[in-house]
Amino acid sequence: IRVAVFASGDGSNFQALLDNEDLVCEIVLLVCDNPGAKVIERAENAGIPTYVFDPNEYKSKLEYELHLLKALVNAEVRWMFLAGYMRILSPLLVEVGEDRILNIHPSLLPAFPGKDAIKQALEAGVEKTGVTVHYVDEGIDTGRIVAQEEVEILPNDTEKTLKERIQRVEHRLYPQVINDVLIEFSKYDKGI
Ligand code: GRF
């Protein structure tokens, strides 16, 4: 099953997917909207083709997504996994990829959607937060939830320490959920 991973920054989740030997899909493309991102280096080191673009060089989201769509079609991508991709997908891409786009988010959605979810949780003073994997729709972290795992917030937690524990969960959970979803899907769809 040919898949693309979308990321904008460090790419530790991308790396966890690459390093997972049990993954039932093949990462054939890294999509990145930030030409300076570390994740590009990770892809290059692993020999994974990249599609890197700078949204500022396009007149509109529709324009850059039409180019992106072409790259996805050319690479025969069937599923898309967002892993720290800091942009909302347009209705165009969401429609084309309907029910074949997942995202991972560092909170127990619907709590703390959008940016800085870890900081939001700390500031809210809640006792636990966590990780959510969900389908992507046109909203901000609003799509159907596939899996969640709790992470306790400790009294002395800083953004850094909490992020470390959350990411450890993410790196284990995302590959596992991706496999579960793809295996389930392949029972009904013989076309991939
Ligand atoms: C992760 O915490 C993910 O949940 C969020 O963005 C972060 C990306 O981290 N959507 P990385 O680039 O994978 O290290």
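Against the condition on the phi < 0 side of the Ramachandran plot, at pLDDT below 95 and not aromatic (Phe, Trp, Tyr), how does LYS61 come out, does it pass? Yes.
Within this structure, ILE145 passes the test of being in contact (Cβ under 8 Å) with a residue 24 or more places away in the chain, among the hydrophobic types (A, V, I, L, M, F, W, C) and surrounded by 14 or more Cβ atoms within 10 Å (Cβ to Cβ). Looking only at residues of the range 95-129 that are touching a residue at least 40 places away in the same chain (Cβ under 8 Å) and more than 15 Å from the chain's Cα centre (by Cα), we find that the one that is nearest to the ligand (Cβ to nearest atom) is ILE118. When ASP180 is tested against (1) crowded, with 16+ Cβ neighbours inside 10 Å; (2) closer than 27 Å to ASP19 by Cβ, only condition (1) is not met. Cβ separations smaller than 6 Å between residues 6+ apart or across chains give the following pairs from the range 64-86 residues that are closer than 14 Å to SER8 by Cα and of a type outside the set (Val, Ile, Thr) to residues that are in a loop (DSSP other than H, G, I, E, B) and modelled with pLDDT of 95 or more: GLY84/SER8; GLY84/GLY9; TYR85/SER8; MET86/SER8.
In the list ILE88, ILE145, which residue meets the criterion of being modelled with pLDDT under 95 and among the β-branched types (Val, Ile, Thr)? After applying the criteria, what remains is ILE88. Evaluating ILE153 against the criteria (1) buried (at least 17 other Cβ atoms within 10 Å of the Cβ); (2) within 12 Å of the ligand (Cβ to nearest atom); (3) free of Cβ contacts under 8 Å to residues at least 40 places away in the same chain leaves one unmet condition, (2). Applying the criterion of at least 2 residues that are surrounded by fewer than 19 Cβ atoms within 10 Å (Cβ to Cβ) and away from the ligand (no atom under 16 Å from the Cβ) to the strands (runs of 3 or more DSSP E) found wholly in the range 1-84 leaves 26-32.
The values are calculated or read from the model by the stated rules, or taken from the named source; none is laboratory data. Since we're looking at a predicted model, the values are computed, not measured. Please note: Cβ atoms are built from the backbone with ideal geometry, for glycine as well, and neighbour counts cover all protein chains shown.
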